[in-house]
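Everything on this sheet refers to the single structure shown next.
The values are calculated or read from the model by the stated rules, or taken from the named source; none is laboratory data. As the structure is a computational prediction, the values presented were derived from the model and not from experiment. Cβ sites come from the backbone with ideal geometry, for glycine too, and all protein chains shown count toward neighbours. Keep in mind that these areas ignore ligands, DNA and RNA; they rest on the heavy atoms of the full protein, side chains included. Shrake-Rupley method; radii C 1.70, N 1.55, O 1.52, S 1.80 Å.
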Amino acid sequence: MMNAYEKAKQLTAKWEQERKDSKRLATMKEAERRIQVREFDNMLCLSLDGVPVLPMSEFNKQTLADARLTFFNYLNRR
């Protein structure tokens, strides 16, 4: 049978994991909100907070996903 210390340890570990998962989800949503493909001067650009950063010759889902993942990783290391 599990003693009180082990039970508290498990509950704390579960709470910490839920907190980490919640933070990761919030960070991913932030990356999706802040990094988008937008049109500027009749040209598609990868943008950060509405500011054009990288011109794109055509829309590419993989480039957008890669940019968001890179930004997500950056935010997680702060």
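Listed by first and then second residue, the pairs linking a residue in the stretch 61-78 that is over 22 Å from GLU39 (Cα atoms) to a residue that is of a type in the set (D, E, K, R), with Cβ atoms under 9 Å apart and 6 or more places separating them unless they lie on different chains, are PHE72/ARG24; PHE72/GLU30; PHE72/GLU32; LEU75/GLU30; ASN76/LYS23; ASN76/ARG24.
Among all residues of the stretch 19-35, there is none that is polar (S, T, N, Q) and open to solvent by 100 Å² or more (accessible area, probe 1.4 Å).
Residues in the stretch 47-73 that are assigned to a strand (DSSP E or B) and over 17 Å from MET28 (Cβ atoms) were compared, and the one that is least open to solvent (accessible area, probe 1.4 Å) is SER47. Among the numbered conditions (1) touching a Ser or Thr at 6+ places or on another chain (Cβ under 8 Å); (2) surrounded by 13 or more Cβ atoms within 10 Å (Cβ to Cβ), the only one that PHE40 does not meet is (2).
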